[in-house]
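The values are calculated or read from the model by the stated rules, or taken from the named source; none is laboratory data. Treat the numbers as computed from the prediction; the structure is a model and nothing was measured. When we count neighbours, we look across all protein chains shown, and the Cβ atoms used for this are built from the backbone with ideal geometry, even at glycine.
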Amino acid sequence: MEAPPVTMMPVTGGTINMMEYLLQGSVLDQSLESLLHRLRGLCDNMEPETFLDHEMVFLLKGQQASPFVLRARRSMDKSGMPWHLRYLGQPEIGDKNRHALVRNCVDIATSDNLTDFLVEMGFRMDHEFVAKGHVFRKGIMKIVVYKIFRILMPGNTDSIEPLSLSYLVELNVVAPAGQDIVSDDMRNFAEQLKPLVHLEKIDPKRLM
Amino acid sequence: MNNSQRWCKREEKQLELTLEALISQVADLKNSLVSFIYKLENEYDRLTWPSVLDSFALLSGQLNTLNKVLKHEKTPLLRNQVIIPLVLSPDRDEEIMRQTEGRVPVFSHEVVPDHLRTKPDPEVEEQEKQLITDAARISPDGAQKQIQSLNKMCSNLLEKISKEERESESGGLRQNKQTFNPTDTNALVAAVAFGKGLSNRRPPGSGGSVQSGQPGAGAIIAGASGMQQVPMSSAPAQQQPMLAGVQMAQAGQPGKMPSGIKTNIKSASMHPYQR
């Protein structure tokens, strides 16, 4: 039930297919401050932006083996923000020269009754977590440094515990398909964060 | 007679080889000097000290090899050779022009004393004489002591520098070691990608603690039984045994408790998409 690969889909108008280019790494809690300092220097000059989000992952099990996955995210600290629904496709198996993980990506802002709607459609929540961290931007690149918290009581986002002693660092760009130059820019930026963090493309299928 | 002839020939051969080696060495030296001068003249505003040091090092290396060639055992005593100009003419000489790349057009009276001189400049000669008299004045013991103190100072300095370098290197290494943990990276990526380690597959220990913390959930468990069949398998199974507490802790619950009740009722009635 996965969407067909982007290259096969005809461009018949409507929205352009956007791809997400992703590089991931992690940093230990004790080195977080130095990483934030460096990012503040490297990235666009903005007010430091923190976030506290609650993400729920919904699965729709069809006849095929692989379920359809949708991610619903809501902001826990900013009121009045819409919910964010996201579809992420399978990583495109491009040539080895591509430095970032590339996958099809569809982002939609929705109203508050997203979970009800999804459940009505037949989705079931697979897992959820709370993400708390910082966001930086540099041009079209977005750098997110956040800690993942496990939710101990389903539905209760107050009782949470951190999943590990590290922060996850993600560098991602959402751009139209075919712009591989983006991954070069990402790799150059990732070089500047070494040796604090090693941002690389990590294939999630390897970690299953 | 034969022997001395052969010896003469050998000498000539050696001389020729030496001269060729010297010419190539000097040509190399000349080239590096040319590039250095060019660098100084044209790139002086961008020049960095390490780059200048590089050029000097190159020149010094080449002078060294030149010295080695001169000291080589196969080199005949050039001191015993004499160069005498045979013909001096004020006319342009094409051959000389070609050989010197246009720098010496004429082999004449003014050019020859400069190019064929063996004595150093008068000032230089004076300084050298002065140095020689100074050196002769110092007793051999005094000279030895001076040499030793110079050597000791050099070695002290070298030691200090190398210690500094080692310390800064190891300090840097220690600092760089533990800023990230690859295992953590993998765990976090797996958690975000497909929920590994999150509510779904929690270890049984924490599952037990959750059960005790949910007294109010008992009412929902009844309604949840119909709902539980969905995550477990796609085949409908109304008679699924109610594995209450543990399943409650696992996923399958929507995010909000109140809506959970409503949803459960709906899904218990055999949702069409479950097929």
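Below are the figures for this structure:
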{"item": "Among the residues listed as B:Phe180, B:Phe107, the single one being farther than 30 Å from B:Val34 by Cα and in contact with a Leu (Cβ under 9 Å, 6 or more places away or on another chain)", "result": "B:Phe180"}
{"item": "Members of segment A:59-79 that are among the small types (Gly, Ala, Ser) and not in a loop (DSSP other than H, G, I, E, B)", "result": "A:Ala72, A:Ser75"}
{"item": "A:Ala177 being surrounded by fewer than 19 Cβ atoms within 10 Å (Cβ to Cβ) and of a type in the set (Gly, Ala, Ser)", "result": "yes"}
{"item": "B:Arg103 within 21 Å of B:Thr118 (Cα to Cα) and among the basic types (Lys, Arg)", "result": "yes"}
{"item": "Residue in segment A:96-121 that is nearest to the other protein chains (Cβ to nearest Cβ), counting only those that are more than 17 Å from the chain's Cα centre (by Cα) and of a type in the set (A, V, I, L, M, F, W, C)", "result": "A:Val119"}
{"item": "Checking A:Ala190 against (1) of a type outside the set (Phe, Trp, Tyr); (2) touching a residue at least 40 places away in the same chain (Cβ under 8 Å); (3) over 26 Å from A:Gln30 (Cβ atoms), the condition it does not meet", "result": "(3)"}
{"item": "Count of segment A:54-70 residues which are in contact with an Asp or Glu (Cβ under 6 Å, 6 or more places away or on another chain) and either more than 29 Å from A:Asp158 (Cα to Cα) or not β-branched (Val, Ile, Thr) (or both)", "result": "2"}
{"item": "Count of segment B:65-112 residues which are over 23 Å from B:Leu29 (Cα atoms), assigned to a loop (DSSP other than H, G, I, E, B) and touching a residue at least 12 places away in the same chain (Cβ under 8 Å)", "result": "11"}
{"item": "Exclusive hit being within 14 Å of another protein chain (Cβ to nearest Cβ) and loosely packed, with under 12 Cβ neighbours inside 10 Å, set A:Asp203, A:Asp158", "result": "A:Asp158"}
{"item": "Count - residues of segment B:28-51 that are closer than 15 Å to B:Leu63 by Cα and either exposed (fewer than 10 other Cβ atoms within 10 Å of the Cβ) or of a type in the set (D, E, K, R) (or both)", "result": "2"}
{"item": "Pick from segment A:1-47, criterion out of contact with any helix residue (DSSP H, G or I) (no Cβ under 8 Å at 6 or more places or on another chain), more than 14 Å from chain B (Cβ to nearest Cβ) and part of a helix (DSSP H, G or I), ranking: modelled with the highest pLDDT", "result": "A:Arg40"}
{"item": "The one condition in (1) out of contact with any helix residue (DSSP H, G or I) (no Cβ under 8 Å at 6 or more places or on another chain); (2) aliphatic (A, V, I, L, M); (3) at pLDDT below 90; (4) farther than 26 Å from B:Pro182 by Cβ that A:Ile160 fails to fulfil", "result": "(4)"}
{"item": "Residue in segment B:116-137 that is assigned to a helix (DSSP H, G or I), of a type outside the set (D, E, K, R) and touching a residue at least 40 places away in the same chain (Cβ under 8 Å) present", "result": "no"}
{"item": "Count of segment A:165-174 residues which are under 24 Å from A:Ile93 (Cβ atoms) and either surrounded by fewer than 18 Cβ atoms within 10 Å (Cβ to Cβ) or without any contact (Cβ under 8 Å) to a residue 24 or more places away in the chain (or both)", "result": "1"}
{"item": "Criterion violated by A:His127 - all others in (1) over 15 Å from A:Arg74 (Cβ atoms); (2) more than 7 Å from every other protein chain (Cβ to nearest Cβ); (3) of a type outside the set (Lys, Arg) satisfied", "result": "(2)"}
{"item": "Residue in segment A:116-127 that is in contact with a helix residue (DSSP H, G or I) (Cβ under 9 Å, 6 or more places away or on another chain), acidic (Asp, Glu) and touching a residue at least 60 places away in the same chain (Cβ under 8 Å) present", "result": "yes"}
{"item": "Matching residues, segment A:48-66, being buried (at least 18 other Cβ atoms within 10 Å of the Cβ) and either more than 8 Å from every other protein chain (Cβ to nearest Cβ) or touching a strand residue (DSSP E or B) at 6+ places or on another chain (Cβ under 6 Å) (or both)", "result": "A:Asp53, A:His54, A:Glu55, A:Met56, A:Val57, A:Phe58, A:Leu59"}
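Here is a yes/no grid of residues against (1) modelled with pLDDT of 90 or more; (2) touching a strand residue (DSSP E or B) at 6+ places or on another chain (Cβ under 9 Å); (3) within 11 Å of chain B (Cβ to nearest Cβ):
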| residue | (1), (2), (3) |
| --- | --- |
| A:Phe123 | yes, yes, yes |
| A:Ala131 | yes, yes, yes |
| A:Phe136 | yes, yes, no |
| A:Ile140 | no, yes, no |
| A:Glu170 | yes, yes, yes |
